[in-house]
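Written out below as structure tokens is the structure these notes cover.
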Amino acid sequence: MDASNSITAAVFSAFIKCPTKAHLLAIGESPPGTFFAELEARMSSMYKAMAKRRLHVGAEEAEPLEFVQLWRGPDYATITHDVDCETAVYDFALPPYRPGGRQPQKSKPSRTFVPVLLTPRDKLDVSDSLVVCFGALALSQATGITADTGTLIYGEGYRRKTLKIENHVARTREIIQAIGATCRGREPPPLVLNRHCAVCDFQPRCHGLAVERDDLSLLSAMTGKERAKCNAKGIFTIAQLSYGYRPRRRKSGKPNAERPAVSTKRAAPAPRNDHNLKALAIKKNQIHVVGAPSLTFERVTTFLDVEGMPDRDFYYLVGLRFESGGETVERSFWADGLDGERSIWEDCLRTLKAIGNAQIVSYGAYEARFLRKMKDRYISAPDDVEFVDRLIETSVNLLGCIYGKFYFPTFSNSLKEIGQYLGFEWTWPRASGAAAPLLRRAWELAKDQGLRGELIAYNMDDCRAAATVADALVRICDGRASGLTAVDVSCLEVSFKQTWGKFDSAVPAFAKINDAAYWDYQRDRIYIRSNVYLRRAVTRKCRESRRSLRINTTIILSRPNECPTCNSKRISMNGRHHRLLFDIRFSEGGLR
């Protein structure tokens, strides 16, 4: 089988997440690192081995067949065989069935092949179904037998799900054709950074190339539609986007002493994230501050960071960092399984009570949701409920304080990027919220204490980074931003200002033309609103300009005796058709 004319299941799965990654895998380019690839391969092999022991399958059917065994053409018995979809290969040079083999049969043959996908994740998505359908199409090529259903084995409980292949065939074929047009072409697909970059080994390569191009996809808060609108305007780089920023015009009014009190019914406008201002902050490498934000901590500042498994709604790690007796105290609470969630919450609650007057500070709303869920799940005492409610009410979300008010010269408002800008470094260089669940699942399969230590260190690093960001925000709000270049947006000068005044021209005739244009504008657009006679004059002028020509001639064509094309006399009437033709169109600027 020619590798240049075939695609593997790994390339197919990668294309769903990122076409650039699929293209790089198809051409055989090596990534800068192999951490995530090796981690996923190890997780897959361990999960398959544990599923084999857990499901108690017979020795003959214990392990799904690999796809390469089908191309060798062994003589299988007339029983059903499971085939691993992760080893499937689709060849573009072959028809949908095996050359010289049987045609795809409508009736069920004596032997069948079922595509099987085993994934350790507890929550499935559309990509898993498409990979199973890809395996079914590859099986049809190899054996001439079209599988009707596929099987998904997933999660900690090794649950089974039967999938109908026909429901996903159309979408799978579209992806295969797109891979054939993209990955086999000379030009790579457009580079667009997305959420998958956090768990991709090609991330340093793609991120460096995007920084070199100053690509708009570096701004993670900008959606694809917003990027398309900017591209339609001729804006393709962050530097070009920065020139579109204009400070908002401040309303001129009475001084505060003379200004009436603002009605309490009218809420203050919500902060808005300005991509142009973000681009300007990146170009100038300065922190831009909108308005006069304030941030103070009235209680014992306690930084909280929680790690969980979103697909299982399970929290396994809680980190606390606070000051006690002039020293910094750090606590970590780890749960081995679902039954340990209650114990780590009770330990965390006792620690928060021992602090006394704790005020939770977190980066994002994930920790506030954690407190609410723990209160609903495990708290019944009224005193504890009141204590947790006070923690939630007085908690501070640093990300909410930054949004729309502080524009750091970073491509996103993630804790890692802002923390690195402020000089903080993580122990784990590829640390991210998307990578932590992968390490946790790998630890559950292998019980590797090294992975457990990396997760605990990453969680505590997040607490320390949040403390660094909080200190920087407080110093900026208090005007003590030593070592930080913070710029008040209200002091920025607009590069383009339109002022009303006398028009100075090198040619005297241009001054007369400008005066006449100004006079026409005042009469048609401004004075007309307050003068009845001028309004009537403009209305009459518009009515005269829209006057249409009268029809002066009507031509009625008689029924033809024969067809002008074939000269046939068998002509049937199919109705009456009308068409209005104009030889000359008159307008204010001329005629055409």
Study note, to complete from the structure: Per the filter on the stretch 145-172, residues small (Gly, Ala, Ser) and within 14 Å of Ala88 (Cβ to Cβ) are Ala147, Gly150
Check your understanding: Does any residue of the stretch 364-385 turn out to be in a strand (DSSP E or B) and surrounded by fewer than 19 Cβ atoms within 10 Å (Cβ to Cβ)?
Key -> no
Point to revise | Output for the stretch 139-176, where each listed residue is over 20 Å from Thr8 (Cβ atoms), under 28 Å from the mean Cα position of the chain (by Cα) and in a loop (DSSP other than H, G, I, E, B) | key: Gly155, Glu156
Exercise for review: Could you look through the stretch 222-242, keep only residues that are part of a loop (DSSP other than H, G, I, E, B) and in contact with a helix residue (DSSP H, G or I) (Cβ under 7 Å, 6 or more places away or on another chain), and pick out the one that is nearest to Pro409 (Cα to Cα)?
Suggested key: Met222
Check your understanding: Restricted to the stretch 462-512, and to residues that are surrounded by 10 or more Cβ atoms within 10 Å (Cβ to Cβ) and of a type in the set (S, T, N, Q), which residue is modelled with the highest pLDDT?
Key -> Thr468
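The values are calculated or read from the model by the stated rules, or taken from the named source; none is laboratory data. What you see is a predicted model, and the numbers here were worked out from it, not measured in a lab. For neighbour counting, all protein chains shown are included, and Cβ atoms are generated from backbone atoms with ideal geometry for every residue, glycine included.
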